[in-house]
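Since the structure comes first, as structure tokens, the remarks are kept for the end.
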Amino acid sequence: MAILNALTQGILLGGLFAMAALGLSIAFGVLRVVNLAHGEIMTLGAYLAFVTISSLGVNVWISLLVLVPIMGFVGYWVQRALLQRALRLSELSPLLVTFGISIIIPNVLIEIFTNNKKAIPTGDLAVQSITITEGIRIGVLPLLTMVVAIVLIAGMQLFLAQARIGRYMRAAADDSETLRLMGVDHRKVYAFAMALAFAIAALAGVFFGMRQGGVTPFDGQLTVLFAFEAVIIGGLGSLWGTLAGGIVLGVAQTMAGLVGPELPLLVGNLVFIAILVFRPTGIVQSKVAV
Amino acid sequence: MSQLVAGSVRIDRYRRRLLTTGIVGGAVLAVLALAPYVVDPSITSTWIKLFYLITLATMWNLLAGYAGMVSVGQQAYIGLGAYGLFVFNDLGLDPYSSALVASVAVGVIALPLSFVAFRLRGGYFAIGTWVIAEAVRQVIIRFDSLGAGRGRSISNYTADPIFRNLFTYWLALGVVALALVATVFLLRSRMGIALQSIRDNEIAARAVGIKVNRTKRTVFVVAAMGASLAGSLICLQAIGVASPSQIFSVSYSAFMIFMVLIGGIGTIEGPIIGAAIYYVMDLYFSQLGLWYLVALGVLAVLVTLFLPKGIWGELSSKFNLTIFPVGHRVIPDERATASLRQATRTEVPS
């Protein structure tokens, strides 16, 4: 029963990893930029939640309405002001710029908020759970995280397939030159994709913070690795694959937790390395490139 | 009439300049090696840090600047170098030989790890190396004999602190000299040209018959060995490792990237300048605490965007400077041209 329970919790944890990975996938899929600061953007989102909740006295859901658009706006201008220039210079430049950003954010956060964990209050959501059978209880928050992750992925697929800007994004990913010839400013499309990536990252960061009971400045160094592992395990270019990758990683971690409390991260990393060696294309083969 | 006739050019590898650099470099090395006899050893021991910073920057530049592999996981090999020193020291070797043996061992470990990392490209390669570094740390802390998660100190160490400093100083000097000499010779060899073509266009390089993966793997292993030696030096200077999370910290990658970017990526001189700048900044500004790290990050972003060639890159393109010549140039061969002209004259009498 403990195994079954760990399996359930692992699957739900996978929803969180998939949500964290979504922004990374969008940025890479459209711009071919791996945002090394992705984890720090998540952390920043969580801190914005802390600030809005503690200063405005609203609950976490209202704070999302504020911080998600703000982070989208930030993403738009980071792309236009910094990354667009870096993209023109060389292949290495965007990596180096995002790595620089990933150094700046946590250290500024420590200077402002100290190293202590800042709570993101969720009312009693974090402790509520549904008992399925004896020994298996599903937390409401992990379940909600999973639902949001699925809705986001489905929405993203629909958006890329149907919406005009979504189709521009796929076109920009394939051939930005031709998109320009069609009279579309590819820089705006790129910036919009980055805005989306930042907004979703911030949302994922808030969910991560709620699950952890709060946020600390260096959380991003951990979450970026989880997000990245989910992407690679699932297979590049497939959003549903990322969900599957997140679930594999989540299950690996919770199962390892049964054996020893210090094992989850190590086993998660080893599973990732094993997938990379034996199935480098990921567990889900992608049909459409995002 | 100075007209180029086919066959009358030769490739110049700047041999004379290399010879000058070699002589001057050898002299500098000799002066630095003898420095502890003149200057107080407590002063020279503060230079150890500069030496291992130059080593780290040079090795990261070899990876990213010449082979196009941006790694943010070199801390894996820094940490392994430090912990390898414990392993061989415990087996009875003195700490300095342990550092050398450990670097060979780390090279042996880096080879299979390269097969994992090379599954990924570009940015994903970067995060992949980071995951590998995390996994290595998590494996190391499972060993109680290595201090588990707490760090440990070197057990069989030179008792006399003055000699301890001296030996570490000479080792650090030897390591940085070796790193620079190895880099110059690697880049002057056939492999150097192969590397630069891989960095510029991997597919084209493959198409002209360059063994891309083997070349990159060699550099990966060499860079790991260099990082390992730097890690051993960090460990020697601190007489141990404060904590595994410190020696396996991703901030080492941040410092390496910073030094190489500021100095000039893809040049041999740049990382040396970058390391010197970082060393001085660290000496005077590190008491500013975290704002100092923030400033490093901001500078790294600004330099990438607005000074992509770095300080040395700008200087060398403006004044045509090179200290470590690795390039080629085509120059007219006076003797060949003269003899060819002679031949033409005799064949076609006017």
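Bear in mind that the values in this text are calculations on the coordinates, not laboratory data. The shown structure was predicted, so the numbers you read here are calculated from the model rather than taken from an experiment. Methodologically, a virtual Cβ is constructed for each residue, glycine included, from the backbone with ideal geometry; neighbour enumeration extends over all protein chains shown.
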Computed FRET value (nearest 0.05) for A:THR133 with A:ILE62, which takes r as the C-beta separation and R₀ as 30 Å: 0.25
Contour minus Cα-Cα distance for B:ARG15 and B:ALA207 (0.36 nm per residue): 66.1 nm
Separation in nanometres of the label points that stand 7 Å from Cα toward Cβ, at A:ASN115 and A:ARG167: 5.4 nm
Shape call, region A:18-60: gyration tensor on alpha carbons, a/c limit 1.5: prolate
Computed over region B:40-250: relative contact order in percent, which uses C-alpha pairs under 8 Å that are six or more apart: 43 percent
Number of partner chain Cβ atoms within 10 Å, mean per residue of A:88-94: 6
Inter-label distance, nm, simple model (7 Å from Cα along the C-beta direction), A:LEU158/A:ALA274: 3.7 nm
Alpha-carbon centroid distance for the pair region B:145-204 / region B:53-86, whole angstrom: 8 Å
Most mobile listed residue (A:GLY205, A:GLY75, A:GLY183) in chain A, GNM with C-alpha springs under 10 Å: A:GLY183
Tensor-based shape of region B:282-322 (alpha-carbon gyration tensor, a/c under 1.5 rounded, otherwise prolate or oblate): oblate
Extension gain, B:SER189 back to B:SER153 (0.36 nm per residue minus Cα-Cα distance, nm): 8.9 nm
Rg/Rh for chain A, where both radii come from Cα atoms and Rh is the Kirkwood radius: 0.97
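Across all directions of projection, what mean area in square nanometres is found for the Cα convex hull of the protein assembly as shown?
Mean orientational projected area (the protein assembly as shown, Cα hull): 35.6 nm².
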Label point at A:ARG32 placed 7 Å out along Cα→Cβ; residues across region A:164-195 whose backbone nitrogen lies under 19 Å: A:168-182, A:185-194
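Rounded to the nearest 500, what is chain B's calculated 222 nm mean residue ellipticity when only DSSP H runs of at least 4 contribute -39500 (n - 2.57) each, over all residues?
Value at 222 nm, helices only, nearest 500: -23000 deg cm²/dmol.
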